[in-house]
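Everything on this sheet refers to the single structure shown next.
The values are calculated or read from the model by the stated rules, or taken from the named source; none is laboratory data. Note that the structure is predicted; figures quoted are calculated from it, not measured. Counting neighbours? That spans all protein chains shown, and the Cβs are built from the backbone with ideal geometry, glycine included. The accessibility values were calculated without ligands, DNA or RNA, using every heavy atom of the protein model including side chains. Shrake-Rupley method; radii C 1.70, N 1.55, O 1.52, S 1.80 Å.
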Amino acid sequence: MPSKKALVRRPSPRLAEGLVTHGERQKVDVGLATEQWEAYVAALRAHGWETFEVEPADDCPDSVFVEDTVVVFRNVALITRPGSASRRPETAGVEEAVAGLGCSVNWIWDPGTLDGGDVLKVGDTVYVGRSGRTDVAGVQQVRAAFEPLGARVVAVPVSKVLHLKSAVTALPDGTVIGHIPKVDRPSLFPGFLSVPEESGAHVLLLGGHKLLMAASAPKTAELLTDLGYEVVTVDIGEFEKLEGSVTCLSVRLRELYA
């Protein structure tokens, strides 16, 4: 059976120092953020996900956004080289974790940069955002790593948000959803569905027709409920102040087999 394993990483005590690229910096309550993170992890577990806590990286303010450090396709884990040099120390603990779960480990090499938040997988199609954090060499190295495994890699321009998955994610049927003002090229995605809120563009597939979403997008939650999905919401407001979403707080490993 396909796996339901998720990597998570506890927030750093220095979380409030995390990078902010788009928008104004806001005060972050680290204690409240930790409570929100625990509720997020509990929501994953309540819906059948086995969570694995990566060794904390307390000196790395953004380390809770563990998705940026690795991209997994089938059983191959591609350790990223984050576009912000301050985040590169985050990858060591994640590399150890995915190797321990039996992944074959590859790496993004200099001069390439890649943030995992720039990678959206829809079936065998792998969309890679060419953003302020992911460069051309990074996109090329994703192609080299995953195309031999059967992936179709599609490069996508990203200029209005931090990462590709800050703009778009996908529903279980493969429909890509996004908030139009934040999406550079909606036409690149077949079956694109516009949603009314920026944070409504971020869905995490829990399994079946269940979606995990931020509580900050009630209109989108209503829209997706009307389409027949079961929406589970969590409050991640402290992480949203740092351009975080429900997707970047975990790495979902769906294709590891026992």
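Say whether the condition of being small (Gly, Ala, Ser), open to solvent by less than 10 Å² (accessible area, probe 1.4 Å) and touching a residue at least 24 places away in the same chain (Cβ under 8 Å) is met by at least one residue in segment 25-39. Looking for residues that are small (Gly, Ala, Ser), open to solvent by less than 10 Å² (accessible area, probe 1.4 Å) and touching a residue at least 24 places away in the same chain (Cβ under 8 Å), one finds at least one in segment 25-39, hence yes.
Quick check, is Thr233 at negative phi, touching a Phe, Trp or Tyr at 6+ places or on another chain (Cβ under 9 Å) and among the hydroxyl-bearing types (Ser, Thr, Tyr)? Spell out how you get there, then give the answer.
Numbers: at negative phi: yes; touching a Phe, Trp or Tyr at 6+ places or on another chain (Cβ under 9 Å): no; among the hydroxyl-bearing types (Ser, Thr, Tyr): yes.
No.
Evaluation of Leu44 against the conditions (1) outside any loop (DSSP other than H, G, I, E, B); (2) touching a strand residue (DSSP E or B) at 6+ places or on another chain (Cβ under 8 Å); (3) more than 17 Å from Thr247 (Cα to Cα) shows that the sole unmet condition is (3).
Name the residues in segment 101-149 that are among the small types (Gly, Ala, Ser) and without any contact (Cβ under 8 Å) to a residue 40 or more places away in the chain, would you? Steps first, please.
Residues of segment 101-149 among the small types (Gly, Ala, Ser): 102, 104, 112, 116-117, 123, 129, 131-132, 137-138, 144-145.
Listed by number, the residues that qualify are Ser104, Gly112, Gly129, Ala137, Ala144.
If you go through segment 201-243 and pick out every residue that is in contact (Cβ under 8 Å) with a residue 60 or more places away in the chain, part of a loop (DSSP other than H, G, I, E, B) and either touching an Asp or Glu at 6+ places or on another chain (Cβ under 8 Å) or open to solvent by 10 Å² or more (accessible area, probe 1.4 Å) (or both), you end up with 4.
For segment 159-182, enumerate the residues that are farther than 22 Å from Asp62 by Cβ and in a helix (DSSP H, G or I). Once the filter is applied, which keeps residues that are farther than 22 Å from Asp62 by Cβ and in a helix (DSSP H, G or I), segment 159-182 yields Ile180, Pro181. Residue pairs whose Cβ atoms lie under 7 Å apart, sitting 6 or more positions apart in sequence or on different chains, and linking a residue in segment 173-187 that is of a type in the set (Asp, Glu) to a partner that is surrounded by fewer than 19 Cβ atoms within 10 Å (Cβ to Cβ) and not in a loop (DSSP other than H, G, I, E, B), are Asp184/Pro157. Looking only at segment 73-122, residues that are at pLDDT below 95 and within 17 Å of the chain's Cα centre (by Cα) come to 1 in all.
Could you look through segment 159-195, keep only residues that are under 18 Å from the mean Cα position of the chain (by Cα) and of a type in the set (Lys, Arg), and pick out the one that is surrounded by the most Cβ atoms within 10 Å (Cβ to Cβ)? Only one residue tops the list, namely Lys165. Return yes or no: is Val66 buried (at least 22 other Cβ atoms within 10 Å of the Cβ) and not basic (Lys, Arg)? Here the answer is yes, as Val66 does meet what is asked.
Suppose we filter segment 53-63 for residues that are open to solvent by 60 Å² or more (accessible area, probe 1.4 Å) and in contact with a helix residue (DSSP H, G or I) (Cβ under 9 Å, 6 or more places away or on another chain); how many remain? Within segment 53-63, residues that are open to solvent by 60 Å² or more (accessible area, probe 1.4 Å) and in contact with a helix residue (DSSP H, G or I) (Cβ under 9 Å, 6 or more places away or on another chain) number 4.
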